[in-house]
Amino acid sequence: MTLLRAAARTLLASYFIASGIKAVRNPGVLVPAAEPVADKLVPLAKQYAPEQVAAFIPEDTETLVRINGATQILGGLALASGRGRRVGAMLLAASLIPSTAAKHPFWTREDPEERALDKSHFLKNVSLLGGVLLAAGDTEGKPSLAWRAQKGGHAIAQSTSKTTHKVAKKAGELTSGGGNDLAEAALASGAALVSTVVATSRRAAKRARKEAVKAQIVAAKQAKAARKVAEAQAARTAALAAAAAKQAKKDAPKQLKAAREAARAQAEKVGKHIERGRN
């Protein structure tokens, strides 16, 4: 890490660390502005997140504000220290989007001065978002993982091609006449084999990514459908229980009246038997 990069990252992280400490210590000030955004984002997150994750998503706005502040502190420290700086920058970018929408919704302001002030802060946060995204993509001059993977594939292809060329050349030295043709054929076959392997691996990786995305979409749809079926079943069960309770409440007076009449008839019958015994 160069001195210039270290200074720039520390300056960029200072805003997020200070903002995060303020949110963790005194979240109540930010709750009124954060509630409209939380009311929209929390149901969406619970709807599309896996059930294991959705169960842990808090619905309390004050807790969400504290979590966002803690995320800014963690991401700012990672960016400033240089340890996990790219992951920290991504955390800052993720925390900046909802906080900007909550604090500076200039499109909802009617007062021109308030609109202008919020718009200025909104653009400032957009600039900060661009800065942390640049920090997230900064490799300090080192090759990225994608470039290394591509370079490694080319190196393997070149090494295989050289090995095939040496084998073909040795075969040409040991044979005569048709040996040159055999060496050239072996070289061409080796190069074709390497090209096929590289192309196949790329296609397989691309296909695997597509299949993973499709699987996630299907899983989300199935979870949503299962949730709707469960809600409908619960509503149906509640309706049947309410109807049964209502019917029982309605039939209770009739059953009580019938029991009283039966008891009265039994008492009269017993009284008659007693009178007969006396006579």
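The values are calculated or read from the model by the stated rules, or taken from the named source; none is laboratory data. Everything quoted here is computed from the prediction, not taken from an experiment. Ideal geometry is used to build each Cβ from the backbone, glycine not excepted, and the neighbour counts take in all protein chains shown.
Determine whether Ser127 is part of a helix (DSSP H, G or I), under 19 Å from Val65 (Cα atoms) and assigned by TED's automatic domain parsing to the domain that holds Leu11. When the stated conditions are applied, Ser127 does not pass them.
For the stretch 31-38, the condition holds for no residue, the condition being that it is surrounded by 15 or more Cβ atoms within 10 Å (Cβ to Cβ), farther than 25 Å from Lys228 by Cα, touching a Gly at 6+ places or on another chain (Cβ under 8 Å) and of a type in the set (Gly, Ala, Ser).
This table checks each residue for (1) assigned by TED's automatic domain parsing to the domain that holds Ala54; (2) at pLDDT below 70; (3) within 30 Å of Ala49 (Cα to Cα); (4) surrounded by fewer than 12 Cβ atoms within 10 Å (Cβ to Cβ).
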{"site": "Asp181", "(1), (2), (3), (4)": "no, yes, no, yes"}
{"site": "Ala185", "(1), (2), (3), (4)": "no, yes, no, no"}
{"site": "Ala220", "(1), (2), (3), (4)": "no, no, yes, no"}
{"site": "Ala226", "(1), (2), (3), (4)": "no, no, yes, yes"}
{"site": "Lys269", "(1), (2), (3), (4)": "no, no, no, yes"}
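The residues of the stretch 29-41 that are out of contact with any helix residue (DSSP H, G or I) (no Cβ under 7 Å at 6 or more places or on another chain) and either farther than 15 Å from Ala101 by Cβ or not in a helix (DSSP H, G or I) (or both) amount to a single one, Val29. Does Arg236 fit the bill of being modelled with pLDDT of 80 or more, in a helix (DSSP H, G or I) and over 33 Å from the mean Cα position of the chain (by Cα)? When the stated conditions are applied, Arg236 does not pass them.
Here are Lys103, Lys46: which of them is of a type in the set (Lys, Arg), surrounded by 15 or more Cβ atoms within 10 Å (Cβ to Cβ) and within 20 Å of the chain's Cα centre (by Cα)?
Only one candidate qualifies: Lys46.
Within the stretch 1-30, the residues that satisfy the criterion of being farther than 20 Å from His104 by Cβ, exposed (fewer than 15 other Cβ atoms within 10 Å of the Cβ) and aliphatic (A, V, I, L, M) are Met1, Leu3, Leu4, Ala6, Ala7, Leu11. When the stretch 49-61 is filtered for residues that are surrounded by fewer than 16 Cβ atoms within 10 Å (Cβ to Cβ) and either assigned to a helix (DSSP H, G or I) or among the aliphatic types (A, V, I, L, M) (or both), the ones remaining, listed by number, are Ala49, Glu51, Gln52, Val53, Ala54, Ala55, Ile57. The residue list Pro143, Pro98, Pro112 contains one member that is farther than 11 Å from Phe16 by Cα, at pLDDT below 90 and either under 25 Å from the mean Cα position of the chain (by Cα) or surrounded by 12 or more Cβ atoms within 10 Å (Cβ to Cβ) (or both), which is Pro98.
Answer yes or no: is there a residue in the stretch 239-256 that is assigned to a helix (DSSP H, G or I), modelled with pLDDT of 80 or more and closer than 30 Å to Leu44 by Cα. The answer is yes, given that some residue of the stretch 239-256 is assigned to a helix (DSSP H, G or I), modelled with pLDDT of 80 or more and closer than 30 Å to Leu44 by Cα.
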